[in-house]
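Engineer: Input: one structure, supplied below.
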Amino acid sequence: MSEENKNNEEYGADNIQVLEGLEAVRKRPAMYIGDVGQKGLHHLVYEVVDNSIDEALAGHCSDIDVFINEDNSITVKDNGRGIPTALHEKEKKSALEVVMTVLHAGGKFDKGSYKVSGGLHGVGVSCVNALSTDLRVEVHRGGKVFEQEYKIGVPQYDVREIGTTDRTGTEVTFKPDLSIFVESIYHYDILAARLRELSFLNKGINLSITDLRRKNDDGTHVNEKFFS
């Protein structure tokens, strides 16, 4: 039997795999974020920031702050409207959980939500979630604070209310899964350069980056602010 015929026989129905939920992202991460090296690691941050940029372009966000935490996790905080948390009728779960765990879910598919949007067209933040060992999202919306935590994209509990607030916005903290990425350290200069570019491209938005791993001579953390 020729090698070609042998390969044809081996390729049957059992070879067709169906990946559920976020499994596809973990199986082939480079398809979604470019690679699993330095570029892909930093791209995770860009995807979360792009969600906040979308809110700013829609006229609902003016401040976006990025923090490199001491444990090399990342926090992105904005003062946008906050991701909706009410029940999503079709999915029968909180809209926040849908956004964070379902590919191709988000406001950018609704013509009335965002006229302009960037990122991975609805897979961005859910990809970040899939490729993180730990992720926590906190939403300030309607006078209340909501939260949900995930491990490798899996919710650890239902979206829950944890307090009251006088502001709106979304805060996402995530720690990349180093069993996926070959690069493990976030570089301040790379992220600062990206935020600087975004400030040039998007007028009227305050962006900042703070490195909580490093301090200046005066004891303050390394920080830059960008506005144009």
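The values are calculated or read from the model by the stated rules, or taken from the named source; none is laboratory data. Fair warning: this is a prediction, and the values are worked out from it, not measured in the lab. Neighbour counts run over all protein chains shown; Cβ positions are idealised from the backbone, glycine included.
Engineer: Answer yes if at least one residue in the stretch 70-82 is farther than 29 Å from H187 by Cα, in contact with a helix residue (DSSP H, G or I) (Cβ under 9 Å, 6 or more places away or on another chain) and either modelled with pLDDT of 90 or more or not in a loop (DSSP other than H, G, I, E, B) (or both), and no otherwise.
Structural biologist: Looking for residues that are farther than 29 Å from H187 by Cα, in contact with a helix residue (DSSP H, G or I) (Cβ under 9 Å, 6 or more places away or on another chain) and either modelled with pLDDT of 90 or more or not in a loop (DSSP other than H, G, I, E, B) (or both), one finds at least one in the stretch 70-82, hence yes.
Engineer: Further, regarding this structure: Kindly indicate which of V123, V159 is at pLDDT 95 or above and among the hydrophobic types (A, V, I, L, M, F, W, C).
Structural biologist: It is V159.
Engineer: Which residues, taken from the stretch 83-107, are more than 14 Å from V137 (Cα to Cα), out of contact with any helix residue (DSSP H, G or I) (no Cβ under 7 Å at 6 or more places or on another chain) and assigned to a strand (DSSP E or B)?
Structural biologist: Hits for the stretch 83-107 are L87, K93.
Engineer: Sticking with this one: When the residues of the stretch 177-203 are filtered to those that are in contact with a Ser or Thr (Cβ under 7 Å, 6 or more places away or on another chain) and surrounded by fewer than 16 Cβ atoms within 10 Å (Cβ to Cβ), which remaining residue is nearest to A56 (Cα to Cα)?
Structural biologist: The qualifying residue nearest to A56 (Cα to Cα) is K203.
Engineer: If you don't mind, another one. How many residues are modelled with pLDDT of 95 or more, over 18 Å from V125 (Cα atoms) and among the charged types (D, E, K, R) when one looks only at the stretch 174-190?
Structural biologist: Count: 1.
Engineer: State yes or no: is E171 of a type in the set (D, E, K, R), at pLDDT below 95 and at negative phi?
Structural biologist: Judged against the criteria, E171 is not a match.
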